[in-house]
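A short write-up of the structure that comes next.
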Amino acid sequence: MNSIKEPLVSVVVFTYNSSQTVKETLNSIKNQSYKNIELIITDDASKDDTIWVCKEWLKDNSDRFLFTQLITTEKNTGISANANRGCFASNGEWIKIIAGDDKLLPNCVASFVDFVSYNLGADVIFSKIVGFGDLDSKAAKICWWMDCGQVFKLLSKREFMTVLCFRNFLPAASAFFKRSVFVALGGYDESIPFIEDWPFWIKVLRNGYSMGFNNVVTVEYRFSNQSISQKGKANTISLFKESSEKATSYAHSCLSELGAGAHFYKITTYNSFTYNSFLWKITHCLNLFNPFFYYKNKVFRKLEGIIK
């Protein structure tokens, strides 16, 4: 294949205290059927042996890749900043992100490259993922988004954006995107250090870029109390809660772009004055005359029908 059909893909691995799992992640990248890959590992000041494990693995396996790099930092900065360091350091036309506790299936990158060769307008692509590890955990049982293909198929663009403004339903572990789009959008929002994906997906759609769904399983997603994508680098509950509140606030702020009714719903539902019980009752009554109120409910009933 020529370089046009085989673009350089940067696989960016972000780690934090991943010494027990990162070898599995790295071996899954080494074993990709697609060959034109560079490997970027970005670590967020791990306190365990993650950096040493990665250095030792790279000594034995760097020849497999076009280029390898291990990025480290002395201070823990959060998932968003850590992922940004890796993605901005990459050189590929496309980026495949992966946490240092998940695994790529052997045909993951090849499948995405094949998908974008037939879907030239796609900028950010997701896929099915499969869980492993603690599959009895509560998180594993509620993660219907591991296969969200029907949402792409059955929701209109406006319905899709409406749902995304209220709920993050896109499987970040599967994401594959153009580096040029990532750079143009300024990467992940580092002011929201522990929730990098949700605000970025919204920003992608707000700026007119296209999303697609590759209807195959490409990633094994680990369910574990130690998973950096679930427990993360937020060493206190308050830090993660703050990021969650910021991400939610940003998502709700984007409702205004869905029309006047959505803007009215936003300012009457999520502004601080609505916490006053009397004012809440008034605004709730006003929303009974707001078409967006009924539209939103209809969209979520449709969503519930899709995911059952």
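Worth a mention:
- Answer residue from the range 244-270, given it is surrounded by 18 or more Cβ atoms within 10 Å (Cβ to Cβ), modelled with pLDDT under 95 and of a type in the set (Phe, Trp, Tyr) and is farthest from Tyr294 (Cα to Cα) among those: Phe264
- Of all residues making up the range 164-194, the number that are aromatic (Phe, Trp, Tyr) and touching a Lys or Arg at 6+ places or on another chain (Cβ under 6 Å): 1
- Within the option set Asn82, Asn76, Asn107, being in the same structural domain as Asn31 (by TED's automatic domain parsing), surrounded by fewer than 21 Cβ atoms within 10 Å (Cβ to Cβ) and modelled with pLDDT of 95 or more holds for one residue only, Asn107.
- Residue match in the range 114-121 (condition: under 15 Å from the mean Cα position of the chain (by Cα), more than 19 Å from Val22 (Cα to Cα) and assigned by TED's automatic domain parsing to the domain that holds Ser174): no
- Summed over the range 192-211, the residues that are in contact (Cβ under 8 Å) with a residue 60 or more places away in the chain and either assigned to a helix (DSSP H, G or I) or of a type in the set (Gly, Ala, Ser) (or both) give a count of 3.
- Screening the range 145-190 for helices (runs of 4 or more DSSP H) wholly inside it with 3 or more residues that are at pLDDT below 95 returns the ranges 149-154.
- Residue within the range 63-71 that is more than 18 Å from the chain's Cα centre (by Cα), surrounded by 22 or more Cβ atoms within 10 Å (Cβ to Cβ) and more than 27 Å from Ala184 (Cα to Cα) present: no
- Screening Ser28, Ser46, Ser62 for residues that are without any contact (Cβ under 8 Å) to a residue 24 or more places away in the chain and among the hydroxyl-bearing types (Ser, Thr, Tyr) leaves exactly one candidate, Ser62.
- Residue within the range 221-243 that is among the hydrophobic types (A, V, I, L, M, F, W, C) and modelled with pLDDT of 95 or more present: no
- Boolean, Asn119 is at pLDDT 90 or above, surrounded by fewer than 16 Cβ atoms within 10 Å (Cβ to Cβ), touching a Phe, Trp or Tyr at 6+ places or on another chain (Cβ under 8 Å) and farther than 30 Å from Leu239 by Cα: no
- Of the strands (runs of 3 or more DSSP E) contained entirely in the range 1-103, those carrying at least 1 residues that are within 23 Å of Phe132 (Cα to Cα) and of a type in the set (Val, Ile, Thr) fall at 9-15, 37-43, 94-99.
The values are calculated or read from the model by the stated rules, or taken from the named source; none is laboratory data. Since we're looking at a predicted model, the values are computed, not measured. Note that we place each Cβ from the backbone using ideal geometry, even for glycine, and neighbour counts take in every protein chain shown.
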